[in-house]
1. Of these, 81, 61, 87, which one is surrounded by 15 or more Cβ atoms within 10 Å (Cβ to Cβ) and either touching a residue at least 12 places away in the same chain (Cβ under 8 Å) or more than 30 Å from residue 211 (Cβ to Cβ) (or both)?
2. Restricted to the stretch 283-308, and to residues that are touching a residue at least 24 places away in the same chain (Cβ under 8 Å) and under 15 Å from the mean Cα position of the chain (by Cα), which residue is surrounded by the most Cβ atoms within 10 Å (Cβ to Cβ)?
3. Do we find that residue 277 is of a type in the set (Ser, Thr, Tyr) and free of Cβ contacts under 8 Å to residues at least 40 places away in the same chain in this structure?
4. What's the number of the only condition in (1) without any contact (Cβ under 8 Å) to a residue 24 or more places away in the chain; (2) crowded, with 18+ Cβ neighbours inside 10 Å; (3) more than 23 Å from residue 44 (Cα to Cα); (4) of a type in the set (S, T, N, Q) that residue 249 fails to meet?
5. So, residue 112, is that one touching a helix residue (DSSP H, G or I) at 6+ places or on another chain (Cβ under 9 Å), in contact (Cβ under 8 Å) with a residue 24 or more places away in the chain, among the β-branched types (Val, Ile, Thr) and not in a loop (DSSP other than H, G, I, E, B) or not?
6. Take the stretch 269-282 and flag every residue that is buried (at least 16 other Cβ atoms within 10 Å of the Cβ) and either of a type in the set (Phe, Trp, Tyr) or farther than 19 Å from residue 51 by Cβ (or both).
7. Quick one: residue 146 ticks every box in (1) at pLDDT 95 or above; (2) closer than 20 Å to residue 294 by Cα; (3) assigned to a loop (DSSP other than H, G, I, E, B); (4) not acidic (Asp, Glu) except a single one, so which number is it?
8. For the stretch 259-268, which residues satisfy the criterion of being crowded, with 16+ Cβ neighbours inside 10 Å and either touching a Ser or Thr at 6+ places or on another chain (Cβ under 9 Å) or of a type in the set (S, T, N, Q) (or both)?
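The values are calculated or read from the model by the stated rules, or taken from the named source; none is laboratory data. Keep in mind the model is a prediction, meaning the values are calculated, not measured. Every residue, glycine as well, gets a Cβ built from its backbone with ideal geometry; the counts of neighbours run over all protein chains shown.
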Amino acid sequence: MPRTLPVQALLSALIPLLFALGPACAHAQPSASNPAPDTSQFEYELSGRFSGTQNAYRNWQEGGLNTLSFSTTLDGAARNQAGRWQQQHALRLSFGLLTSEADNGDEPIRKTDDLIRLESNLRYTGSGFFRRFKPSISARVRTQFAKGFDYSSNPFPAGHPRADREAPVQTSAFLAPATFVETLGLTYAPSDWYTISLSAAAKQTVVRTQNLRVLYDVDRDRLARAEGGAEIGATLDREIAEDIRYQSNATVFFSAGQIEDPPDALWENFITMRVNSWLTTNLEFVALFDQNTSDAIQLKEVLSVGVTVDFI
């Protein structure tokens, strides 16, 4: 049984990320005498990455397992500054599969990575107080493409129609779950690569598949669980060395209906190291805590070397 980690461990890592870098980069704050640039057209970024692994053995006395795996990722961004209004939109799509001779005939292919993430932000740069603390609106969605399975145990509670099934057991699907978050608040942006936000927020956890709703604390007869509250967020996108880019996004959501419970927290980290114009090494680390889903901190780590193509 996996060891349950206290939520304080995650929060202790998030708090420094939220606040420690603010004073360090305050020198990048634009002067009141220098108005923001006015760009009439969007600036776009779009890149794709592919990595794969293949192992084959025959009469290999030392042992081994025939496997074939691949993963692909698409990253996109669009930015626009028109007068005092600034728009930012981001997209990340990733998917990976693995097959090996150890898999049984019913499940010959396993999913190794699966993510759909969309986010949009709109900020207004005013005068005085609102030049430093910008009014902002944001919306984001996070889900996956395909069905996901638990290969180690059955997470369904006793009495559920799927409680007696042996692993692997389906635990997710497209829009099951899907998390939608909308915020309205203030964003402190001392530089173009670091922001901190404090907002009123609404969160909806959608589970399209009825039999999976119990795993995400959604009533069986309802499509979604809705929550209102407040959110603290921080983003960082910085080239920390030549050809090494670090991107981080942290959010902590406090539900108004669960004051005594620990908040929901998500911390995503991506490091991209370019070897040359087409070869990159990528490290992804994600920490997620949502007590409605699990009492443990959920962790994800992916290290890959692959071919990257910059479309835009």
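1. Details: 61 fails: surrounded by 15 or more Cβ atoms within 10 Å (Cβ to Cβ); 87 fails: surrounded by 15 or more Cβ atoms within 10 Å (Cβ to Cβ).
Step by step, each of 81, 61, 87 is checked, and only 81 is surrounded by 15 or more Cβ atoms within 10 Å (Cβ to Cβ) and either touching a residue at least 12 places away in the same chain (Cβ under 8 Å) or more than 30 Å from residue 211 (Cβ to Cβ) (or both).
2. Just the residues of the stretch 283-308 that are touching a residue at least 24 places away in the same chain (Cβ under 8 Å), to begin with: 287, 289-293, 295-297, 302, 304-308.
Those left that are additionally under 15 Å from the mean Cα position of the chain (by Cα): 287, 289-290, 297, 302.
On the way: 287: 20, 289: 24, 290: 21, 297: 18, 302: 17.
Filtering the stretch 283-308 for residues that are touching a residue at least 24 places away in the same chain (Cβ under 8 Å) and under 15 Å from the mean Cα position of the chain (by Cα), the one surrounded by the most Cβ atoms within 10 Å (Cβ to Cβ) comes out as 289.
3. Numbers: of a type in the set (Ser, Thr, Tyr): yes; free of Cβ contacts under 8 Å to residues at least 40 places away in the same chain: yes.
Criteria met by residue 277.
4. Exception for residue 249: condition (3).
5. On the way: touching a helix residue (DSSP H, G or I) at 6+ places or on another chain (Cβ under 9 Å): no; in contact (Cβ under 8 Å) with a residue 24 or more places away in the chain: yes; among the β-branched types (Val, Ile, Thr): yes; not in a loop (DSSP other than H, G, I, E, B): yes.
In short, no.
6. Correct list: 270 only.
7. (2)
8. Applying the first criterion (crowded, with 16+ Cβ neighbours inside 10 Å) to the stretch 259-268 yields 262-268.
263, 264, 265, 266, 267, 268, listed by residue number.
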